[in-house]
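*Asks:* Next up is a structure, given as structure tokens.
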Amino acid sequence: MEINNATVFITGANRGLGLAFARDAVRRGAQKVYAGMPNTNGFDEPGVVPVRIDVTDPTSVAAAAEAAADTTILINNAGIAALIDNPLAADFEAQSKALFDTNYYGLARVTQAFEPGLSKVPHAAIINVLSDIVWLARPYLTPYAASKAAAWSYTNQLRFHLADRGIQVLGLHVGFLDTDLTNGIDVPKTSPTDVAIQTYDALAAGKSEIMADKGTVRLKSTLADEVPGYITPPPGLF
Ligand SMILES: NC(=O)c1ccc[n+]([C@@H]2O[C@H](COP(=O)([O-])OP(=O)(O)OC[C@H]3O[C@@H](n4cnc5c(N)ncnc54)[C@H](OP(=O)(O)O)[C@@H]3O)[C@@H](O)[C@H]2O)c1
């Protein structure tokens with residue numbers, strides 16, 4: 001599905017990857033671009049309409065779906081991360097609940113609220129922002145990894161379920177991005193603008209999945225190996 005003439009709604013679009021999605025949608029000639037965010041105060045981006053949405057709050061999600069009922073491309077981008085010591089840490093359960101509420105239930109809540117509108121038009125799409133972490137062992141990211149793995153599974157079930165309704169479902173997997181989420185982590189990072197461009201190109205090419213950096217491509221290519229990358233990470237992967 002092409003972006004030009006589409007009406008795009010992006011969650012978590014006041015900064016980071018979400019803002020890059022909004023800007024590139026404007027550049028590509030989208031009919032309308034809604035930027036979803038928990039607090040719209042002070043947001044001022046040419047060609048972009050801010051809409052309040054907290055993906056953890058069903059009332060706010062329903063109001064946003066109503067305000068943006070003409071959406072034809074939904075981008076589930078809002079996400080949070082947290083570092084813990086390891087999978088046995090005392091704060092494991094509390095952190096997991098918070099991360100699942102945003103990264104998994106939040107994504108599903110928004111999808112449920114927008115689906116009736118998407119199903120009404122001949123061509124629609126849902127892009128779910130996932131991560132390379134679904135195939136990578138990083139004990140300090142256990143709750144984040146589990147929430148993204150759950151969101152990946154949801155994405156796969158959803159794609160199958162919506163296949164006969166003309167709704168394209170695209171899963172985006174990527175490693176470290178140069179955004180606030182990775183502040184203070186000193187590793188090579190991909191530009192969010194580059195990821196937004198690649199993702200829209202993949203959507204236009206009719207794809208169901210995109211690996212948006214070389215490390216993620218390499219990691220996924222190990223899945224059929226006897227020792228896949230989630231057991232022994234490929235060398236050089238951060
Ligand atoms: N950065 C990376 O290395 C990386 C790698 C792979 C995947 N990802 C994924 O990419 C997506 C975007 O991440 P990012 O790096 O751009 O992060 P970011 O710069 O921290 O931005 C996160 C965005 O999500 C919004 N958000 C957080 N909780 C929300 C909620 N409950 N309801 C609505 N919006 C909410 C934030 O709003 P506020 O400004 O109000 O907090 C912000 O707009 C996430 O799903 C993340 O997991 C990131």
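The values are calculated or read from the model by the stated rules, or taken from the named source; none is laboratory data. Please read all numbers here as calculations on a predicted model, not as lab measurements. Please note: Cβ atoms are built from the backbone with ideal geometry, for glycine as well, and neighbour counts cover all protein chains shown. Ligands, DNA and RNA are stripped out before the accessible areas are found, and what is left, the full protein with its side chains, is counted by its heavy atoms. Shrake-Rupley method; radii C 1.70, N 1.55, O 1.52, S 1.80 Å.
Conditions tested, residue by residue: (1) more than 24 Å from A30 (Cβ to Cβ); (2) aliphatic (A, V, I, L, M).
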residue	(1), (2)
D91	yes, no
Y104	yes, no
A113	no, yes
P116	no, no
V121	no, yes
V129	no, yes
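*Asks:* Please work out which one of (1) assigned to a loop (DSSP other than H, G, I, E, B); (2) within 13 Å of the ligand (Cβ to nearest atom); (3) under 28 Å from A163 (Cα atoms); (4) open to solvent by less than 40 Å² (accessible area, probe 1.4 Å) is the condition T56 fails and give its number.
*Replies:* The single condition T56 does not satisfy is (4).
Conditions (1) buried (at least 20 other Cβ atoms within 10 Å of the Cβ); (2) at positive phi; (3) hydroxyl-bearing (S, T, Y), marked per residue:
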position	(1), (2), (3)
K97	no, no, no
L107	yes, no, no
E115	no, no, no
A125	yes, no, no
N128	yes, no, no
R138	no, no, no
T142	yes, no, yes
S147	yes, no, yes
H161	no, no, no
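*Asks:* Examine region 8-26 for a residue that is more than 18 Å from the chain's Cα centre (by Cα), farther than 18 Å from F114 by Cβ and either surrounded by fewer than 24 Cβ atoms within 10 Å (Cβ to Cβ) or more than 10 Å from the ligand (Cβ to nearest atom) (or both), and state whether such a residue exists.
*Replies:* yes
Condition check ((1) in a helix (DSSP H, G or I); (2) within 10 Å of the ligand (Cβ to nearest atom); (3) in contact with a strand residue (DSSP E or B) (Cβ under 7 Å, 6 or more places away or on another chain)) across all residues:
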| site | (1), (2), (3) |
| --- | --- |
| S60 | yes, yes, yes |
| T71 | no, no, yes |
| L83 | no, no, no |
| Q95 | yes, no, no |
| A108 | yes, no, no |
| A113 | yes, no, no |
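*Asks:* Where the second residue is assigned to a loop (DSSP other than H, G, I, E, B) and more than 11 Å from the ligand (Cβ to nearest atom) and the first is closer than 30 Å to S119 by Cβ and lies in region 132-160, which pairs have Cβ atoms under 8 Å and are six or more apart or on separate chains?
*Replies:* R159/S208
*Asks:* A further question follows. Condition check: open to solvent by 10 Å² or more (accessible area, probe 1.4 Å), under 29 Å from R218 (Cα atoms) and charged (D, E, K, R). Does R165 satisfy that?
*Replies:* When the stated conditions are applied, R165 does not pass them.
*Asks:* With within 16 Å of the ligand (Cβ to nearest atom), touching a His at 6+ places or on another chain (Cβ under 8 Å) and not polar (S, T, N, Q) as the only criterion, which of A151, A202, A145, A212 stands out?
*Replies:* Residue meeting the stated conditions: A212.
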